[in-house]
Every structure is written in structure tokens, then in C-alpha cells.
Amino acid sequence: MAIIERPVSLEVQPLIVVAPATPSSAMGAVKRPVVTKGWRQWVFTVDHKKLGLMYMATAMFFFLVGGIEAVLIRLQLALPDGKILNADLYNQMFTMHATTMVFLFVMPMAAGFANYFIPLQIGARDVAFPRINAFGFWALLFGGLFINLSWFLGGAADGGWFMYAPNSGPIFSPSHGVDFWTFGLQIAGIASLTGAINLIVTVLNMRAPGMKLMRMPIFTWMILVVQFLLAFAVPVITVALFLLSFQRNFGATFFDVAAGADPLLWQHLFWIFGHPEVYILILPSFGIISEVLPVFSRKPLFGYPFVVFSGAAIGFVGWGVWAHHMFASGLGPVSVAVFSISTMAIAVPTGVKIVNWTLTLWGGKLWFTTAMKFSIGLIVLFTIGGLSGVTHAVAPSDTQQTDTYYIVAHFHYVLFGGAVLGLFSGFYYWWPKMFGKMLNEKLGTWNFWFMVVGMNLTFGPMHILGLQGQPRRMYQWTENRAGEGFFNLGFWNLIASIGSLVLVVGVFLFLVNIYITARNGKVAPLDPWGARSLEWMTSNPPKEHNFDSIPTVHHLDEFFHRKYAEDANGQMQQVATAEQVLKQLEDNADAHIHMPSPSYWPIILAFGLPVTCLGLIYSIPLAIFGGLIILMGTFGWALEPSTAPDSDFDPPSSGDTSKDVVHVG
Amino acid sequence: MNTTSATDSHATEHGLSTIGYVRIALILAAITGLEVSTYYVDFGRLFLPALLIMMVIKFVMVVSYFMHLKFDNKVFSWLFYTGLFLAVGVYCAALATFKFFG
Amino acid sequence: MWFTLDNLATAHDTHEGAAHSSTGLSNVKLGMWLFLGTECLLFGGLISTYMLYRGRVGTGPRPSQVFDIPFTSVSSFVLLMSSLTMVLAVSAAHKRDDRSTNLWLVITALLGTTFVGGQVYEFTAFYNEGMGFSTSLFSSSFFVLTGFHGVHVTVGIIMLLALRGMLKNNKVPGSRSETVEMIGLYWHFVDIVWIIIFTLIYLIPA
Ligand code: HEM
Ligand SMILES: [Cu+2]
């Protein structure tokens, strides 16, 4: 994939050389990998930028998978009595579509951006635990593949993405699909958890001097909030998934009403995780557009502290609203009232953000690049989704809407119109940073309009369909119940399906754009957008060690303040070019830089997970074998210093003061 | 003089002396004894609150002294107790909704 | 850490292992505490499941019919004391007293093994009294909760023994005392979870 081609960089002749490590043995037997060419530089890497790109490539792949599933769903529903999918396949399709989009596209894509840009934005050379970082990526990839393996082994999961009992049980779901789903998510969950711990420690502990918390770029802030949500939400779904696998594989009855169980237990556990999860999906995109809007409005983000605190507030209040997903489950009036009110409350910090973005645009010198268009698209479309969301917060109205297409409309406005557009904004904004070339802006504009028009055509009509009572997860509709005139279900279903094809064209244009750019895209200047934050204070793509010398931070928007200063009239005047700023860092380059050394163990350890899970489904000896892989991986890991010892470097580094032994990542 | 101050600061950084730890362990053991006694002796209305309070005391003692949280940087406490209070909060709320449900 | 962080520190702390970082604290320790925070939500979920289902025994035995409080009290006490030996190992490691460190680590592992052995015995006894894993909601949630805890203890034992081996062969990458301290944190956490389980599950009757 084009994503892993690195075009020649523009970097000014580097003044320093990162001493390459030579292999020496890690465990007494195996030599550590130090290859910097070919596939092995990717497979054994612990570099946050490479891993970031790998996350993104993986996520992109799953986006296409989930997209194909979505289109099949829409083709099935385009005309009455659809014949493309049978009922069973349809159930698998929407379950896997949602699972893929949520867990294997949006989350890893955000993780990719986070991995790539957090260290750059806080002025660090890598994350706190580089090997754990690599492990997280491989676990995510293997987990995702594992879930999708079920397509070929008797059918995928079919209980809907929240897998309520009894649909998750053996009677309604006899294939191994749900088992694959459970274990696969468990693996992906481990990836998220380790990733979260890693990134939180990175942000807390690896900031450049002077980079106080309230000087951190807003993207870093939002990712920090997201990682806290992940760290505390993932264990909850872990519990739920464990209970479910014990029920399916070992005869427990946790969710079996006939055995006296309470099916609401699953619902609670799922949504205690699930509601924070929706912020996990949206906040990274909020972070991205909070970077993009100021840059292309040529003024600072309006009310930076408000955006930070409202983000944190969303993260916090997000823990107290989960039961709004359960209004129709017979929770009882007290709970419904409490959760209804808390849900309305959470609209407030979200509104604060929208106001801040709007006021950032207000009076700015707007520059409508593709990245900017996607960001503005997010503001508009997310707001529509947010408003329909408030209508679900009103419990009586939600009782009418729940399980209809109105809900489908709502969450696609927030997920597609919010999360996905934000990610695309990030692609266009940071592509030059990552690959040293500019994505084509003209094609980008087409890409944008096709996606926005397609998305409104697809999901807009679903509001009408839903209010007319078309149920969600319905695999066929018939002409004789479709209704008349403006409210004819057939008409709107057809429009929605056509819309999904428009969307496909939009996404396709993006792929074309990647291809064209990789072939003969315009080489990116050092600071193509007039950016404001630290990640732009290095070459495009960044040097392997990010910064020749670690910058000292004096301001929010440090890069901007190095380029511009106030003149006597209080006007901002350019005082330095980006090249000059970079040159200054290069002139003060650190003498010796040790980067974390590649390692075999992350991928080995991660590989043990799906083997074990496959064994748990099919044969216990295989599970034991997988367990042994995990054990071996752990020991290999524990015995390996995360940085090759000094003597391993070529030439051996002089053991100057810069060394520091504490690093057990 | 120099040496003493060094060891002193050491003690505060890493917690207690050996004697100190043993003392904490004895207190913990005593509380455990008291807890177990509720199985034999009727505590009446005090039963539940007494047990819960003793549980919390033991918990906090291990965390503060054995795990050094009392002597360590506040960031650690902050990270851990966030998780703990979040857990107590959401799970108690969830269990409570089962009660309203009845 | 593996690169020049000298000029990176905004707060200075000469604490061993707390080299140059924004907060002056060690990465590993921050990560460990955060991990323990997340574990609270894991065990919280399992405990809640048990609390919800402890009265649902179907045709199987009730908790009070199977629990052997004196026995469990002893094994709880053993685990509690292993926290003392663990903390002594940590404090010996900080004093760079390798012999005592090794000794206390082994004793801790032995106490832990005793606890796990007790759990195995207990599970067998329950099984013989007609309380299998899938007998009732109570039994399943009990076994899942205590089983998870047991697995945590077992992992802890493996780590303790591996650590001892690595210390002996001088194979610990990074700071030795900090590694001991981290495993200690994990061990104490497992202990405090049991403090809760012992009260909520065993001592408070369903
Ligand atoms: C490529 C464009 C997309 C199209 C055409 C599309 C279409 C659909 C349709 C028609 C359904 C309803 C299935 C049914 O109820 O029978 C659905 C469900 C769903 N979609 Fe999408 N979708 C798209 C993108 C996304 C994205 C990007 C996300 C999340 C990030 C997402 C998340 C979901 C979820 C969570 C469900 C609910 C599935 C369930 O009921 O269990 N979708 N999608
Ligand atoms: Cu929600």
C-alpha cells in the first residue's frame, strides 16, 4: 500500500547521525533485529511513526471491508424483497459492519494518528514504552483478522454489535461467529489497554521542557482524554466478554433468563463501556479539527482552556449516562429519569466545543483547503447528529425512536459526519508531514463533496424512515407496507442506497488521490500550511529521531511563536521562516541519540493471543501451545533491554552522560 | 550527620523501616482477627457497617504503607484512585438500578 | 530511557529510577499505577456480577452451606502476610541487599503458593459438595471471580520466581530495585482485591 512508501525527504543535510545498533544477543541465543531495510524494518520496528503508519494502513483496510459490508446492506434494502443477502447473512453483515467500523477502523485510525503525532506534538523522540507500542499494534491487527476469520469458518457473529442476550446465546447464534467476535474483541481490547497506558505515560512524562499541560496542542489533549476513557472502559467490556465466553464455552448461564439470570447485566456492562466508547470514537476527530481550524483561520483556537476542559468534562460525565441506551429495557422510572437528565447535561460541554470552533472561524482569514472543508463539514454534520441525539435523551421520545432507522440516522451523523470526516481532515492536513508530499487538493475537493453529499443522501432519509417506523436491523421490506407519497418507504430506501454508492465514489477518490500523490504528487514544503504546533518543527517526513535537539517550549502554539512576534503596534509579524526555525534546532543537535532498538518479542507475544483463542474454540492443546508462545514471548521480552546496550552500537557510543538505564518498556 | 540525613530522607522516600512494616502487618492481622470474629460473635446491627469499615481500613493501609502511596508522588494516587472511585461509582449505580427495577 | 532527556526535565528529582522526565517520575511506575487503576474496573465488574447473582442458587447449595470460613480465614491471613514479606523484599532491594531480597521474594512466592493451594483445595471441596462451575448462577460467578483472582496470584508467583532467577543471574535489564518494587505493587494489589473478596463474598452472608 502506498502508505508505507516513504518519498525522499527534503531534510537539510543532517548534522548528526543516529548510531546504528548492531545485533547482539538478547537472550543468549537470539540476536536482536537491527535491520533497517525491507519488510523486517516494519515487522520488528518499535518506532512510533512506523507503527502509526501501520495502524493507519490497517485501519484503512478495515474501513474498506466495513464499507463493502455497508454497501451490501444498502443494496439489499434498495428495493422491496431484496434477494442479495438472506436473513442470516444480513444479520452477520450489520453486526460485522458495525464491529469493523467501530473497533477496527475508527479506533485504530485514531490510534495511528495518536501514535504518529503525540510524540511529535509534545517534543519527544518516541513513546514511553516503544515495545508495548509495537505489541499493541500487532495485537490489534491479529485481533481484527481473527474476528474476520469467522467468515470462512462457519459464519460471522450475528447478534448486532452490542450482542444482547439472548441473541448472543447458542440457540440464536449456533455458529462460532460470536466466539470469534468475543475473543477477537478481547485481543483488540488488550491492544487498546496497553496503548492507552503507553500514551498516557508518554503525555504525562515525555513532554519537552516547558511543555506544560496547558501548552499542549489540543489534539494531544483530546487523545489524552480518550486514552483515559479507554484505560478505564476496556476492562469493563473485558468482564462482559469473559462472562459471555464462559457462558458459550463452559456452560455458565450468566445471561440466560431461563436459568434465572438477568439479561440486563450484559446491557449494563456493555454500555458502561459503550458510552465512553462513543467519545473514544469522536474525541480524536474533535482534536484533529481543533488543530486544523485555527491553522486555516489564521488565528488561535478560540478559548483553548474551554476546549480542553469541555473535553475533559465530556470524558468525565460520559461515565454517568450509559443507561440512556437502555431506556426501553424496563429500567424503572427512577433510573430513566436520572439517566435522562445526565444525558441532557452532557450536551452542554459538547455545545461549548461547537461554539468555540465557530468563534475560531469567526473573523479569521479562512483558507478553504480540503482539510478545512472536512473540518467545517464535521461541525455542521456532527451538530445535526448531536441534535437528534438530544431527542433520544428525552426518554419518552426515545421509546418511539429506539430500534428504528432514526437511531441509525443519528449515529451515522455523529460517526460518519463526525468521526470519519475528522479523520479525513487529518489525512489531508498531516499527509505532507507523514509522506513529504501534498495530497492533490482538487481531487480532495471532489473527495470531500462526494462524501458529504453521499453521506447526507444515505443517512438523511433514514430520519424519515425511522420516524415512519422502519425498524433497524430489518433485512427486507415489502411494497404493500411501504406507505404513500412523501413518506413512501420505498423511495427513501432507494435514495439511501444510491447515497451509499455516492459515498463509495467519494472514498474511492481518496484512494485515487493517495495513488496519484505517491506516483507524482507535489513535494511538500517544510511548512505547507503555516502551522502552529511542534510536529511541524522537523523535516517532512520527520527524521527517525524526530528532533535533532529537543525544543524548549515557551508558548501554546510554540512553532507559531517562533515564526511570529508582536511588533510595536501589537500586530503579529513574521520574524523567522520555518526553515530558519528548523535550522536552529539542527545547529544545536544533540551529540548522541539512542533510539529504542527493534525487537522480535512484541510480534511473537501478540501472535500467541490469536493462537490461544483459536485453541479455546477448537482444541485445548492448541490453546496450550498458544499459551507457551505467550510465555516465551514474555520471557524473551523481560530479558531484553529495551535499548541495545552501549557496546552494541556501531560505532560503540561513548557512554556519555546521556545514558539512562531505566526503561523496562 | 550527613549519613543520618541521607538515611532519613531514604526512609520517607521508600516508606517505613522494617519495624514499621511489621507493625502495620500486626495491625492488619488484628483487624482480620476481628473480622473473622464476626463469624462467631453476633454483632447485631453493627455487623455490616463494621465489616465494611474494617475492609476499607485494611485496604487503605496496604495501599498507603505497603504500596507507599502515602509517601509517593500524588500523581500515582490520582491515577489509582480515579480507577477505584470510578469502579465503585459505576458498579454501585448499576447494581442500584437492579433494585429500582424490582 | 534511551535518549538524552537531560534537558527534558522540568522537575528535578534525583530519586533512583526517576530520571529525567516531565514529572520527574518513572515511566514504569506511572504505567503500573495506571494499570492497577484499570484493574479496579475489571475486578469491580466481576464482584458486581457476583453480588447480583449470589442469591441465585437454583437447586445447588447456598453460599453459607459450602463456605468454610475458618479455612478461608487462614488462607486469607497467609496472603495478607505475603504482603509483609513482599514489602520487606522491596525495602531490601532498595538497600541493595541482594540476599535478603532473594529470601523475601522466595518466601512471598511460597506464601502465595500456599494461598493458591488452599484455593485449589477449596474448589475441590465445593465440587465434591455438589457445586460445580455451571451448577447455578451463584457458583459460576463465584468461580469466575475467585478464579480470576487465583490466576492473578499465580501470575504473581511466576513473576516473583522469574525475578529471583533473573536477579541471581544478573539478568534484570534496567533498575533492579525498581523492578522488584513494580512486582511488589502488583502483588499488593492482588492482596487488596482479596481483602475485598474476603469480606464481601465470604464474611457477609448472602
Ligand atoms: C460507508 C458508509 C456507511 C454506510 C453506507 C453504512 C450503512 C449502515 C446501515 C444501512 C446500517 C443499518 C443496518 C440495519 O440496521 O439493518 C448500519 C449500521 C451501523 N453502522 Fe454503518 N454505515 C456506514 C459507515 C459507518 C461508520 C463509519 C460507522 C462507525 C464508525 C458505522 C457504524 C454503524 C453501527 C454501530 C451500526 C449498528 C449496527 C447494529 O445495529 O448492530 N457505520 N450502517
Ligand atoms: Cu451513549
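The values are calculated or read from the model by the stated rules, or taken from the named source; none is laboratory data. In this text, all values refer to a predicted model and were calculated from it rather than measured experimentally. Here Cβ is always computed from backbone atoms with ideal geometry, including for glycine, and neighbour counts include all displayed protein chains. Please note that ligands, DNA and RNA were not included when accessible areas were found on the heavy atoms of the full protein model with its side chains. Shrake-Rupley method; radii C 1.70, N 1.55, O 1.52, S 1.80 Å.
Structure summary
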quantity: Residue-wise HN-Hα coupling along the range A:149-164, computed from phi with Karplus coefficients 6.51, -1.76, 1.60 (Hz; x: Gly, Pro); calculated: 4, 4, 3, 9, 10, x, x, 8, 4, 9, x, x, 5, 9, 6, 5
quantity: Summed side-chain charge close to C:S141 - residues other than C:S141 whose Cβ falls under 11 Å, Lys, Arg +1, Asp, Glu -1; calculated: +2
quantity: Rounded, prolate or oblate (a/c below 1.5 giving rounded, otherwise prolate when a/b exceeds b/c) for the protein assembly as shown by Cα gyration tensor; calculated: oblate
quantity: Summed buried accessible area for A+C [probe radius 1.4 Å, Å², rounded to 100]; calculated: 4400 Å²
quantity: Reciprocal mean inverse distance between Cα atoms of the range A:339-524 - Kirkwood radius, Å; calculated: 18.1 Å
quantity: Most mobile listed residue (C:T114, C:T49, C:T59) in chain C, GNM with C-alpha springs under 10 Å; calculated: C:T59
quantity: Folded to 0 to 90 degrees: helix A:421-435 orientation relative to chain A principal axis, Cα; calculated: 20 degrees
quantity: Gap separating the Cα centres of the range B:29-102 and the range A:171-207, nearest whole Å; calculated: 29 Å
quantity: Residues of the range B:42-70 buried by at least 20 Å² on assembly (accessible area, 1.4 Å probe, chain alone as reference); calculated: B:F47, B:L48, B:L51, B:L52, B:M55, B:K58, B:F59, B:V62, B:F66, B:M67, B:H68
quantity: Nearest-ten-degree value, helix A:304-317 long axis tilted from longest Cα axis of chain A; calculated: 40 degrees
quantity: For q = 0.18, 0.20, 0.22, 0.24 Å⁻¹, Debye-computed log10 I/I(0) when each Cα of the range A:148-194 counts as one equal scatterer; calculated: -0.52, -0.62, -0.72, -0.82
quantity: Using alpha-carbon coordinates, inclination of helix A:620-639 to the longest axis of chain A, degrees; calculated: 20 degrees
quantity: Distance in nm between pseudo-label sites at C:A125 and C:L110 (7 Å out along the Cβ direction from Cα); calculated: 2.3 nm
quantity: Rounded to whole Hz, the Karplus (6.51, -1.76, 1.60) HN-Hα couplings of the range A:551-561, x for glycine and proline; calculated: x, 9, 9, 10, 9, 5, 6, 3, 4, 4, 5
quantity: Selected from C:F143, C:H188, A:H554, residue furthest toward positive end of dipole (the protein assembly as shown; charges at beta carbon); calculated: A:H554
quantity: Buried accessible area, chains B and C (both chains, 1.4 Å probe, Å² to nearest 100); calculated: 3800 Å²
quantity: Local electrostatic count, A:S533, Cβ distance below 14 Å [Lys/Arg +1, Asp/Glu -1]; calculated: +1
quantity: Pairwise centroid distance, computed over Cα atoms, of the range C:100-145 with the range A:264-334, Å; calculated: 40 Å
quantity: ³J(HN,Hα) computed for each position of the range A:536-546 - Karplus, 6.51 cos²θ - 1.76 cosθ + 1.60, integer Hz, glycine/proline x; calculated: 8, 8, 8, 5, 10, x, x, 5, 4, 9, 6
quantity: Rounded D (µm²/s) - the range A:313-356, Kirkwood Rh over Cα pairs, Stokes-Einstein at 25 °C, 0.890 mPa s; calculated: 223 µm²/s
quantity: Accessible-area order (highest first, 1.4 angstrom probe) of the listed residues A:W637, C:W33; calculated: A:W637, C:W33
quantity: Computed [θ] at 222 nm, helices only, for chain A once each DSSP H run of length n ≥ 4 contributes -39500 (n - 2.57); calculated: -20000 deg cm²/dmol
quantity: Members of A:K50/A:K437; A:K563/A:K583; A:K49/A:K299; A:K31/C:K29; A:K212/C:K29; A:K212/A:K543 lying beyond 19 Å, as alpha-carbon distances in this model show; calculated: A:K49/A:K299; A:K31/C:K29; A:K212/C:K29; A:K212/A:K543
quantity: Cβ-Cβ FRET estimate between A:L501 and A:D403, R0 fixed at 25 Å, reported to 0.05; calculated: 0.45
quantity: Accessible-area value, A:V453, 1.4 Å probe, nucleic acids and ligands omitted, Å²; calculated: 70 Å²
quantity: Additional length obtainable on full extension of the chain from A:Q571 to A:V348, 0.36 nm per residue less Cα span; calculated: 76.8 nm
quantity: Size of charge dipole - the protein assembly as shown - debye, nearest 20, with Cβ of Lys, Arg +1 and Asp, Glu -1, no other charges; calculated: 600 debye
quantity: Global form of the range C:29-203, assessed from the alpha-carbon gyration tensor, a/c cut-off 1.5; calculated: prolate
quantity: Exposure rank, largest accessible area first [A:I407, A:I620; 1.4 Å]; calculated: A:I620, A:I407
quantity: Apportionment of accessible area to carbon and sulfur, the range C:29-203, percent (1.4 Å); calculated: 63 percent
quantity: Charge dipole of the protein assembly as shown about the Cα centre (unit charges at C-beta), most positive-ward option of A:N588, A:F424, A:G633; calculated: A:F424
quantity: List C:S136, B:S17, ordered by accessible area with a 1.4 Å probe, largest first; calculated: B:S17, C:S136
quantity: Net charge over other residues, Cβ less than 15 angstrom from the Cβ of B:F59 (K, R count +1; D, E count -1); calculated: -1
quantity: Top positive-direction residue, dipole computed over the protein assembly as shown with Cβ charges, set A:G195, A:A157, A:Q247; calculated: A:A157
quantity: Projected label distance in nm at A:T552 and A:V30, using a 7 Å step from Cα toward the beta-carbon; calculated: 4.3 nm
